[in-house]
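For reference, the structure discussed in these notes is given below.
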Amino acid sequence: MNQDTKCRICKYICFRCDTQVILDRDIAEFFGVETKVLNQAVKRNPERFPLNFCFQLDKEELNNWKSQFVTSNQIKMGLRKRPFAFSEQGVAMLSAVLKSKTAIKISIQIMEAFVYMRHYITSNSLIFQRLDIIDAWRIETNTKIGKILNAIDSNQLPPKQGVLFDGQIF
């Protein structure tokens, strides 16, 4: 699979509780089938789709997902039911249930994109940790600066000495 295809698929992969998932509507688009056809296949084979393979987004998760697309109403259109989310294993099971050559080919590409994303996150975990540390330090520093500015504004700090022109101290 070329890099462009991986990147295109990776854009649709999101995280839920540290698990990479992709929504039913996106998989259906890749497979070239309607979302309802894909969901019917899942409902007809519940033993193949345990909760760690496939689950329906709850209302809060759906609202969070929708809020990411405030500028585009098209993405929300046609969303009458809460979508299903599929893990990497769920995507593999879909290809077995749908049994088309396209489904098998696309499933492999989606699974490769899952692996690519996992590798990317693992290889950049040190950078993510450093960003978390820097962000925590920034929040702490902002709090300290806020306290200092509030104290100055409220005249709680009487000046012990003053500074004059060119650094002269009196």
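Computed from the Cβ-Cβ distance with R0 of 25 Å, the FRET efficiency linking Gln56 to Glu29 stands at 0.85. Ellipsoid fit via the Cα gyration tensor, segment 1-58: semi-axes of 21, 16, 9 Å, each the root of five times an eigenvalue, largest first. Inter-part distance, segment 125-154 to segment 4-49, computed on C-alpha centroids, equals 40 Å. Go ahead and run the numbers for FRET between Lys81 and Lys105, Cβ-Cβ distance against an R0 of 30 Å, rounding to 0.05. The calculated FRET efficiency here is 0.60. The label-point distance for Ile152 and Ala136, in a model that sets each label 7 Å from Cα toward Cβ, rounds to 2.8 nm.
Please compute the net charge surrounding Ala96, taking Lys and Arg as +1 and Asp and Glu as -1 over other residues with Cβ under 15 Å from its Cβ. Once positives and negatives cancel, what remains is +3. In this structure, the residue pairs whose Cα-Cα separation is over 23 Å, taken from Lys11/Lys99; Lys59/Lys105; Lys36/Lys99; Lys11/Lys105; Lys43/Lys99, are Lys11/Lys99; Lys59/Lys105. At an R0 of 35 angstrom, the distance between the Cβ atoms of Glu112 and Lys36 translates into a FRET efficiency of 0.85.
Read-outs throughout are calculated quantities, based only on the coordinates presented, and are distinct from any laboratory measurement. From a predicted model like this one, the values you see are computed outputs, not experimental measurements. Cβ atoms come from the backbone with ideal geometry, glycine included; neighbour counts cover every protein chain shown.
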